[in-house]
Structures are given as C-alpha cells and as structure tokens.
1. Can you pull out the residues in region 74-85 that are surrounded by 12 or more Cβ atoms within 10 Å (Cβ to Cβ) and within 15 Å of Lys60 (Cβ to Cβ)?
2. What pairs can you find where one residue is in region 20-38 and part of a loop (DSSP other than H, G, I, E, B), the other is among the charged types (D, E, K, R), and their Cβ atoms are less than 7 Å apart, with a gap of 6+ or different chains?
3. Please go through (1) surrounded by 12 or more Cβ atoms within 10 Å (Cβ to Cβ); (2) at pLDDT below 90; (3) under 18 Å from the mean Cα position of the chain (by Cα) for Glu64 and return the number of the only condition it doesn't satisfy.
Amino acid sequence: MPTYVYEVIMPNGEAGERFEVFQPLSDPALEKHPETGAPVRRAIVLPQVQTTSDKGRYSKSNLERLGFSRFEKRGDGHYEKTAGQGPDAISAGD
C-alpha cells in the first residue's frame with residue numbers, strides 16, 4: 001500500500017502542515033484532514049528509492065547504535081542474531 005503525502009491548504013492558498021497517509025491505490029484522494037477537517041491536497045514529492053549506497057544504514061554498527069537487532073535466516077524457521085541485543089537465536093517453535 002503506498003504512502004501519500006498531503007498538505008493542509010491554508011486560507012491564503014499556500015501549503016501548510018504536511019502529513020503522510022497509507023492508502024490503497026483504489027482509494028480517492030483525501031479532501032479533508034482526518035483529525036481537524038481542514039482542506040488538504042496531495043503534495044508532489046520525490047519518490048523514496050533505496051540504492052546500493054544505503055547499505056551502510058543496515059551495517060551491524062549502525063543498527064546497534066540505533067538500538068535495533070538483526071536476525072538472519074539460517075534454516076527452516078531458525079534465525080541467528082547478527083547485530084544488536086536479544087537472544088542469540090530464535091526458532092519458530094520457541
């Protein structure tokens with residue numbers, strides 16, 4: 001399901017607060033802010049695309065620094081920790 005960015009339309013027609021909404025492609029665009037009822041429009045933003053230069057984001061040291069753990073699949077239902085805190089391994093039967 002895609003994430004859409006909307007912006008509040010200020011009384012002078014300029015863009016106000018921006019917010020994100022997960023919506024199916026088949027849903028019509030929002031016309032009002034879901035909480036305040038203020039008029040909104042979809043904002044045009046650059047797509048978020050992951051590139052190979054993003055690999056450093058998922059390095060062991062960076063994940064641990066941010067407080068995340070990473071487990072990699074080692075067999076059917078068995079995962080071993082490769083970064084962060086927590087158990088050394090988890091299994092589907094645990």
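1. Let us first name the residues in region 74-85 that are surrounded by 12 or more Cβ atoms within 10 Å (Cβ to Cβ), namely 74, 78-84.
Once the filter is applied, which keeps residues that are surrounded by 12 or more Cβ atoms within 10 Å (Cβ to Cβ) and within 15 Å of Lys60 (Cβ to Cβ), region 74-85 yields Glu80, Lys81, Thr82, Ala83, Gly84.
2. Ala29/Arg42; Ala38/Lys32
3. Of the numbered conditions (1) surrounded by 12 or more Cβ atoms within 10 Å (Cβ to Cβ); (2) at pLDDT below 90; (3) under 18 Å from the mean Cα position of the chain (by Cα), the odd one out for Glu64 is (3).
The values are calculated or read from the model by the stated rules, or taken from the named source; none is laboratory data. What you are looking at is a predicted structure, and each value in this text was computed from that prediction instead of being measured. Ideal geometry is used to build each Cβ from the backbone, glycine not excepted, and the neighbour counts take in all protein chains shown.
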